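Before any comments, here is the structure.
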Amino acid sequence: GEVDMRALLFLLFILFISESYGKDLDYRDIQAAIDGLSASGGGTLRLRPGVYEVAGGLQLKSNVRLVGSGVDITVLRLTGSKRAHVVRAVDARNIGIEDLTVDGNWSNAGGGEGIRLDHVTNVTIRNVEIRNTRDYGIGMQWGAIRRVRIDRVRLENIGTDGIDIKNRGEGNSDIFISDVTVSSFDQRKVGGKAAIDVRGPVYLSNITVSGVTGRSDGIRFHRTDESNMSGQGSSLYDFHVAGDGQNKASGVRIRASNVWVSNGSISRVEYGVEIDSITLLEGVTVSGITVENSQMAFRNTHGDRPFFSDCSALDSLYGFYLKRKAAILESMVARGTYGINLEPGATRTRLVANHLQETQYPFISKSVQ
């Protein structure tokens, strides 16, 4: 149609000017190109090397991929005094953000999130660095979030959560997060934040978190605002979480039912793996995890029949602290800890082939059936 042709011609003009005269695209040109591509059916907008100052943020629209020339080579940097997200997509489908750096420029701009997604489907975020955001690095907040792939992403100097996923109405599905590194989050010292805060179902693999400070969590599986069932089917595989030794910090905190966590290491936090909530949680499995230099390596206060297997608690005050209901511990190792501590509520706990080495108190039982 005539409108689509005008949009396409305008886009070609912008790209011609940029290539012919070496002019970095102004953020308004980038937004116009995004609008034109989307109106014309979609395509890929490639940004050349440079720092693009983005006042008020960019709105990514359906069927458009925003692709830079590489991390730290193409940089989208927020400017302006008003709160804004560097890149935002609302009611969009088939979009991508790849090969660039998103800079929230927190100290010199109004702040906001690095990438914000609301009611989106089929999203790829790949080979991206996100830094210096006042709020979330990546926020998935309103409406159903479906078919999202986050891969090879690094987040640092983040004001609150590195990645925060809401699940309002429990419409989320097919969210995969892999090869992600989060460091120096919760820089506003709000407390109660997480490097990755999950309201599932979400599938995470190859995750590295460092700089877990007091009153924050490395990776947290959370319930939705509406119910406690949002974590069903969520999983975490192959991960490393390191804290700075402060109290009230957890490596992995599970506050949702039906969560599977395996093959990871945790160090220098108060609680390594913690299962806690305001209600009982079912279907939690923890396997192949090593926790060291922590106050309580494994802590269960609200899990109903959680299954722990092939885990190790090393050089921590308590190896396994069980407070609630039945739990199964199989092939666990504790070394340099108080071993296994069973509180009165931990009835019907089952211990199978566990190894307690160099422990001052290998087994502490307080009225266990």
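Here, each number is a calculation from the coordinates, and none is a lab measurement. The structure presented is a predicted model; accordingly, all values stated were derived computationally and were not measured. Note: ideal-geometry Cβ built from the backbone for every residue, glycine included; neighbour counts use all protein chains shown.
Within a straight-line Cα-Cα reach of under 13 Å, Lys189 can be paired with the following aspartates and glutamates, leaving aside sequence neighbours fewer than 8 residues apart in one chain: Asp135, Asp161, Asp217. For the range 52-69, 3J(HN,Hα) computed residue by residue from phi via the Karplus equation (6.51, -1.76, 1.60; θ = phi - 60°) reads 9, 7, 10, 8, x, x, 9, 9, 7, 10, 3, 6, 10, 9, 9, 10, x, 9 Hz, glycine and proline entered as x.
For Ile130, the residues whose amide H sits under 5 Å from its own are Val102, Arg154, Leu155, Glu156, ignoring neighbours fewer than 5 places away on the same chain, with H placed 1.01 Å from N. Applying 0.36 nm per residue to the separation of Arg350 and Asp310 and subtracting their alpha-carbon distance, the gain on full extension is 13.0 nm. The range 261-308 and the range 47-61 have Cα centres spaced 41 Å apart. In terms of other Cβ atoms within 10 Å, Leu322, Leu78, Leu47 run from fewest to most in the order Leu47, Leu322, Leu78.
How high is the FRET efficiency between Asn122 and Ala326 when r is their beta carbon distance and R₀ equals 45 Å, given to the nearest 0.05? The calculated FRET efficiency here is 0.60. Pull out a ≥ b ≥ c, the square roots of the eigenvalues of the alpha-carbon gyration tensor of the range 136-279, then state rounded if a/c is under 1.5, prolate if not and a/b is larger than b/c, and oblate in the remaining case. Rounded. In this structure the amide hydrogen of Asn167, modeled in the peptide plane, comes within under 5 Å of the amide hydrogens of Asp225, none closer than 5 places in sequence on its chain. Couplings 3J(HN,Hα) of the range 39-49, computed from phi: 5, 8, x, x, x, 10, 9, 9, 9, 6, x Hz, in residue order, whole Hz [Karplus 6.51 cos²θ - 1.76 cosθ + 1.60, θ = phi - 60°; x for Gly and Pro].
What shape does the range 76-135 take by its C-alpha gyration tensor, where a ≥ b ≥ c are the square roots of the eigenvalues and a/c under 1.5 counts as rounded, a/b above b/c as prolate, and the rest as oblate? Here the range 76-135 falls in the oblate category. Considering only Val123, Asn108, Ala144, and ranking their Cα positions along the charge dipole of the range 107-155 that arises from unit charges at the beta-carbon of Lys, Arg, Asp and Glu, the one farthest toward the positive end is Val123. Determine the shape class of the range 66-216: with a ≥ b ≥ c the square roots of the Cα gyration tensor eigenvalues, call it rounded for a/c under 1.5, and otherwise prolate if a/b is greater than b/c, oblate otherwise. Cα axes put the range 66-216 in the rounded bin.
Database remark: amide H of Gly50 closer than 5 angstrom to the amide H of Thr74, Val75 (H placed geometrically; neighbours at sequence offset of 5 or more, or on other chains; Pro and chain starts carry no H). How high is the FRET efficiency between Ser81 and Asp244 when r is their beta carbon distance and R₀ equals 30 Å, given to the nearest 0.05? FRET efficiency, Ser81 to Asp244: 0.35.
Summarising the label geometry, the points placed 7 Å from Cα in the beta-carbon direction at Arg146 and Lys189 lie 4.4 nm from one another. Potential lengthening of the chain between Ser69 and Thr44 amounts to 7.7 nm, from the contour at 0.36 nm per residue minus the alpha-carbon distance.
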